[in-house]
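Structure first, commentary second.
The values are calculated or read from the model by the stated rules, or taken from the named source; none is laboratory data. What you see is a predicted model, and the numbers here were worked out from it, not measured in a lab. Please note: Cβ atoms are built from the backbone with ideal geometry, for glycine as well, and neighbour counts cover all protein chains shown. To get the accessible areas, we keep the full protein, side chains included, count just its heavy atoms, and leave off ligands, DNA and RNA. Shrake-Rupley method; radii C 1.70, N 1.55, O 1.52, S 1.80 Å.
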Amino acid sequence: MLKDKHVTLYVSGGIAVYKALGVVRELVKAKAQVQVVMTEAAQRFVTPLTFATLSQRPVLTDNFSAQSSSDDFIPHIKLARWTDLAIILPATANIIGKIANGIADDLATTTLLATAAPKIVFPAMNTTMWENPAVQKNLRTLDLMDMTVIEPASGFLAEGEIGKGRLPELTNIMVEIYKTFTKPVLAGTNVVVTAGGTKEAIDPVRFIGNKSSGKMGIALANVAADMGAHVTLISTVHDPISSPNIEEVHVSTAIEMQKKLEEVFPINDVLVMAAAVSDFRPVHQADQKIKKNNDQDIYTINLQKNPDILKEISKKKTNQFIVGFAAETENLIPYAQKKLKEKNVDMILANDVSKTGSGFNVDTNEITVIQPEKDPVTWPLMSKSDVAAKFWEYYQNNVK
Ligand code: C5P
């Protein structure tokens, strides 16, 4: 989503400046082109060299410096036109006041005045300053100017006090940034996603599980929610949820997952079954922790087959678009095509888990899309968030 997007990061002078370094790293990782502009005060906290190294381009600091004007006579206008998204982070009370009142007395405020692109403001300051009526009035003005103001978080502040004024955590900052590039094209669509490996209890402390991290399912849920869908996420793992559009239901076993899915399936338009469901569960669960017996070298646990949740639910299909996953270590396409037919689903997202960077417990995936009467299509290796974005884009353009 951020690939090749032109992001200008305005850094003003507060103690939270060091956190802007993490934001630059994340933006660069997401392949955005990042131009950092620092105010004079910001440079007292962190040197422009650090930001330049991370953003891989010189930092702009003032209207009249050789650096700002060498390749362009009017740097602020060029930068303003180049920008797809302007982020002010951290935004001090001072820069907020200047923007709200149209003051342009340095490169940052001058360029912001000339920028038509969307702007996100991340205030960070002492609680008393945050609560000051002048600051609150200026923030309301930014709101009226159609800027997105992200409320600071509460917690431990640099001055040693507890209160409101901290920058949000990096993941939450990135969620807000991603949101500005996503349109609510899935508004009105109800989606159910399953995620994570099921845990089939042996006794109160042990279970049969698998290596699934739940990352793929969670990414699918997060991206769908960011695109405006209402998402029910039936998951065996807890993870930061990015959106109020996600209703998370925590389950452990295949039976629990199936029960919840059966309940919500009729009211959904799409099911993505990303969970790694254990094919078997112990026939009996011990009430107490099983003790080892010194005379016994071999223990046997009798297993009973779990229902194939996907196969069973697809029998109840009315107009839902149903997607399954296939994790294979060999014969990826023939095995996935067999699953598509046997489970009677609309699409299988198949991945070869023996390949580096694909499958369980990693942040990337190489997916081959299998559909009835269509040739398989292999997507390049990409982050699970990008896989999710590509999938929902496909759904939006071809199915919805
Ligand atoms: O049969 P296999 O486990 O390879 O199929 C994978 C797909 O089927 C996944 O979408 C998985 O969530 C689903 N599945 C299921 N119930 C099972 C086993 C797998 O819904 N018992």
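Among residues of the stretch 181-202 that are touching a residue at least 60 places away in the same chain (Cβ under 8 Å), those with a Cβ under 7 angstrom from a residue that is away from the ligand (no atom under 16 Å from the Cβ) and of a type in the set (Asp, Glu), sequence gap 6+ or separate chain, pair up as Thr182/Asp226; Thr189/Asp269; Asn190/Asp269; Val191/Asp269.
Residues that are hydroxyl-bearing (Ser, Thr, Tyr), away from the ligand (no atom under 12 Å from the Cβ) and free of Cβ contacts under 8 Å to residues at least 24 places away in the same chain occur at least once in the stretch 297-316.
Scanning the stretch 78-116 for residues that are among the basic types (Lys, Arg) and either out of contact with any helix residue (DSSP H, G or I) (no Cβ under 6 Å at 6 or more places or on another chain) or open to solvent by less than 20 Å² (accessible area, probe 1.4 Å) (or both) yields Lys78, Arg81. Considering only residues in the stretch 241-280 that are among the acidic types (Asp, Glu) and more than 11 Å from Val191 (Cα to Cα), the one that is nearest to the ligand (Cβ to nearest atom) turns out to be Asp279.
Please count how many residues of the stretch 163-220 are assigned to a helix (DSSP H, G or I) and of a type outside the set (D, E, K, R).
As a first pass, look at the stretch 163-220 and keep what is assigned to a helix (DSSP H, G or I): 170-179, 215-220.
Still in the list and also of a type outside the set (D, E, K, R): 170-175, 177-178, 216-220.
Looking only at that region, the number is 13.
Please determine whether any residue of the stretch 350-362 is over 19 Å from Val191 (Cβ atoms), more than 14 Å from the ligand (Cβ to nearest atom), in contact with a Ser or Thr (Cβ under 6 Å, 6 or more places away or on another chain) and touching a residue at least 60 places away in the same chain (Cβ under 8 Å). Yes, the stretch 350-362 has at least one match. Within the stretch 328-338, being open to solvent by 50 Å² or more (accessible area, probe 1.4 Å) and either at pLDDT below 90 or within 9 Å of the ligand (Cβ to nearest atom) (or both) holds for one residue alone: Tyr335. Of all residues in the stretch 229-245, those being open to solvent by 20 Å² or more (accessible area, probe 1.4 Å) and out of contact with any Phe, Trp or Tyr (no Cβ under 9 Å at 6 or more places or on another chain) number 8. Restricting Leu89, Leu79 to those that are hydrophobic (A, V, I, L, M, F, W, C), in contact with a strand residue (DSSP E or B) (Cβ under 7 Å, 6 or more places away or on another chain), outside any loop (DSSP other than H, G, I, E, B) and modelled with pLDDT under 95 reduces the list to Leu79.
Checked against the criterion of being in the same structural domain as Asn222 (by TED's automatic domain parsing) and either modelled with pLDDT of 95 or more or assigned to a helix (DSSP H, G or I) (or both), the candidates Gly357, Gly324 yield just one match: Gly324. Only one of the numbered conditions (1) touching a residue at least 40 places away in the same chain (Cβ under 8 Å); (2) surrounded by 15 or more Cβ atoms within 10 Å (Cβ to Cβ); (3) within 13 Å of the ligand (Cβ to nearest atom); (4) farther than 17 Å from Ala221 by Cβ is violated by Val323, and that is (4).
Of all residues in the stretch 261-269, none are in contact with an Asp or Glu (Cβ under 6 Å, 6 or more places away or on another chain) and either outside any helix (DSSP H, G or I) or buried (at least 20 other Cβ atoms within 10 Å of the Cβ) (or both). Has the stretch 227-243 got any residue that is in contact with a Lys or Arg (Cβ under 8 Å, 6 or more places away or on another chain), under 26 Å from Tyr395 (Cβ atoms) and part of a helix (DSSP H, G or I)? No, every residue in the stretch 227-243 fails to be in contact with a Lys or Arg (Cβ under 8 Å, 6 or more places away or on another chain), under 26 Å from Tyr395 (Cβ atoms) and part of a helix (DSSP H, G or I).
Residues are listed down the side, and each one gets a yes or a no for (1) over 29 Å from Ala224 (Cβ atoms); (2) open to solvent by 80 Å² or more (accessible area, probe 1.4 Å); (3) at pLDDT below 90; (4) not assigned by TED's automatic domain parsing to the domain that holds Gly165:
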site: Lys29; (1), (2), (3), (4): no, yes, no, no
site: Val36; (1), (2), (3), (4): yes, no, no, no
site: Gln56; (1), (2), (3), (4): yes, yes, no, no
site: Asn63; (1), (2), (3), (4): yes, no, yes, no
site: Pro75; (1), (2), (3), (4): yes, no, yes, no
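Of all residues in the stretch 113-135, how many are more than 30 Å from the chain's Cα centre (by Cα) and under 16 Å from Ile95 (Cβ atoms)? I'd like the intermediate steps shown before the answer.
At the first step, the residues of the stretch 113-135 found to be more than 30 Å from the chain's Cα centre (by Cα) are 113-114, 128-129, 131-135.
If we keep only those that are under 16 Å from Ile95 (Cβ atoms) too, we end up with 113-114, 129, 132, 134-135.
Going through the stretch 113-135 one residue at a time, the tally reaches 6.
If the requirement is being at negative phi and not assigned by TED's automatic domain parsing to the domain that holds Gly22, which of these qualifies: Glu200, Glu169? Even if it seems obvious, please write down each step before you answer.
Details: Glu169 fails: not assigned by TED's automatic domain parsing to the domain that holds Gly22.
When all the criteria are applied, what remains is Glu200.
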